[in-house]
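*Asks:* Got a structure for you, questions after.
Rule-based calculations on the coordinates, nothing more; no lab input. Please read these numbers as outputs of a predicted model, since none were measured by experiment. Virtual Cβ from ideal backbone geometry, glycine too; neighbours counted across all protein chains shown.
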Amino acid sequence: MMQMDIHQILKKLPHRYPILLVDRVLELDKGKRIVAIKNVSINEQFFLGHFPNRPVMPGVLMLEALAQAAAILTVESVGHEIDDKTVYYFAGIDGARFKKPVEPGDQLILDVTLDRMKAGIFKFIAKGFVKDELVVEANLMCTMRRISE
């Protein structure tokens, strides 16, 4: 099992503040599964407007955090580094369910399992937990593509 700190994550993902949503990788089993952390802080920009009287992490950002964990798993599994000419896109999101709000101070545990990969399309079973409680789940489909200038 492999782990990664933020410096290693920055080498694997093109995302940067304020959209980088993976802080640490706790477990990575190439071709199978990743468990990572998103520390949710009151200092996040989105809490200024979502919502001023009751800060809640937007569901779409929870899905983005899961997709970023999936991207790290993909990059490590296929042995391809993401560079300036490679992007990792969502190709689909099915069955997204939000079970409980994620609030400042929570630690969102991102648990993503590779379901299958075929012809450059990767399918994942993704779940997010706070403590041991399921807060978000979805089936994600992603792809890596080369871009031209």
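*Asks:* Assess whether residue 64 counts as being surrounded by 11 or more Cβ atoms within 10 Å (Cβ to Cβ) and among the acidic types (Asp, Glu). Break it down stepwise before answering.
*Replies:* Working: surrounded by 11 or more Cβ atoms within 10 Å (Cβ to Cβ): yes; among the acidic types (Asp, Glu): yes.
Against the criterion (surrounded by 11 or more Cβ atoms within 10 Å (Cβ to Cβ) and among the acidic types (Asp, Glu)), residue 64 qualifies.
*Asks:* Considering each residue of the range 89-124, count those that are under 21 Å from residue 49 (Cα atoms) and of a type in the set (S, T, N, Q), and give that number.
*Replies:* 1
*Asks:* Collect the residues in the range 19-49 that are part of a loop (DSSP other than H, G, I, E, B), of a type outside the set (Asp, Glu) and more than 14 Å from the chain's Cα centre (by Cα), keeping them in residue-number order.
*Replies:* 30, 31, 32, 41, 42, 43, 49, listed by residue number.
*Asks:* Which one is nearest to residue 17 (Cα to Cα) among residues in the range 52-99 that are in contact (Cβ under 8 Å) with a residue 60 or more places away in the chain and of a type in the set (Gly, Ala, Ser)?
*Replies:* Selected residue: 65.
*Asks:* Here is a further query. Can you tell me which residues in the range 1-46 are touching a Pro at 6+ places or on another chain (Cβ under 8 Å) and farther than 16 Å from residue 107 by Cβ?
*Replies:* 45, 46
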